[in-house]
């Protein structure tokens, strides 16, 4: 990699369909991905980081107030024709596995999957893109204690993911998922088939896509990539906006 830019085509899919009700009243009329962090929308932080590492084929799965997201793209990224929006009409009744289903036709080659509420820096993306080859690579970070809302990860002795869930018992937790996954080689087709299979069952509309990753981890298909020391922040609550503003203020 030269100047932290990739040397092969990689796409990105950003899941930004939800309203972010835990951030009310800030999200009453504004989707969570458009809230400002250090004077810039969360979505713009993500797109700018992707462009910095050479990824300009970017699909945003949007739902709540989709017109505002389209307006941001027109205003800031009109010169990037491969940055586009897919509308998820089920955003009120389904979770993010349905957003993955909406974007499944994009999953035909190597791609990054990002949660729409995770602010990241380009150096973190470069770390993940340079990670050891695997069908699926889960980006993880470490801390001393994990709370109920963290997406917890258990690793095996070789650093592969054993399970990923919010309800892993504390004594089994080794890391947390930051909301960024890299699919390559056969990983995209494996994930796409798993999504299509899962959503044949109506109950799975309420599932997170990480339930699929958890199942695939049990087939030894998921590696972990540490992003410890790199800047990122998940925006779930109002206080997270202040934290992200401090982290990304420079």
| message | Suppose the filter is surrounded by fewer than 21 Cβ atoms within 10 Å (Cβ to Cβ), in a loop (DSSP other than H, G, I, E, B) and at pLDDT 95 or above; does residue 44 pass it? | response | no
*Are any of the residues in region 20-27 at pLDDT 95 or above and buried (at least 16 other Cβ atoms within 10 Å of the Cβ)?*
no
Restricted to region 77-109 and to residues being free of Cβ contacts under 8 Å to residues at least 40 places away in the same chain, in contact with a helix residue (DSSP H, G or I) (Cβ under 8 Å, 6 or more places away or on another chain) and outside any strand (DSSP E or B), the residue surrounded by the fewest Cβ atoms within 10 Å (Cβ to Cβ) is 80
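Would region 169-188 turn up any residue that is touching a helix residue (DSSP H, G or I) at 6+ places or on another chain (Cβ under 6 Å) and under 19 Å from residue 126 (Cα atoms)? Explain how you work it out, then say what you get.
As a first pass, look at region 169-188 and keep what is touching a helix residue (DSSP H, G or I) at 6+ places or on another chain (Cβ under 6 Å): 182-183.
If we keep only those that are under 19 Å from residue 126 (Cα atoms) as well, we get 182-183.
Yes - at least one qualifying residue is present in region 169-188.
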Picked from region 201-210 (must be out of contact with any strand residue (DSSP E or B) (no Cβ under 9 Å at 6 or more places or on another chain) and touching a residue at least 40 places away in the same chain (Cβ under 8 Å)), the residue surrounded by the fewest Cβ atoms within 10 Å (Cβ to Cβ) is 206
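The values are calculated or read from the model by the stated rules, or taken from the named source; none is laboratory data. Just so it is clear, the structure is predicted and the values come from calculations on it, not from any experiment. All Cβ positions, even for glycine, are placed from backbone atoms using ideal geometry, and neighbour counts span all protein chains on display.
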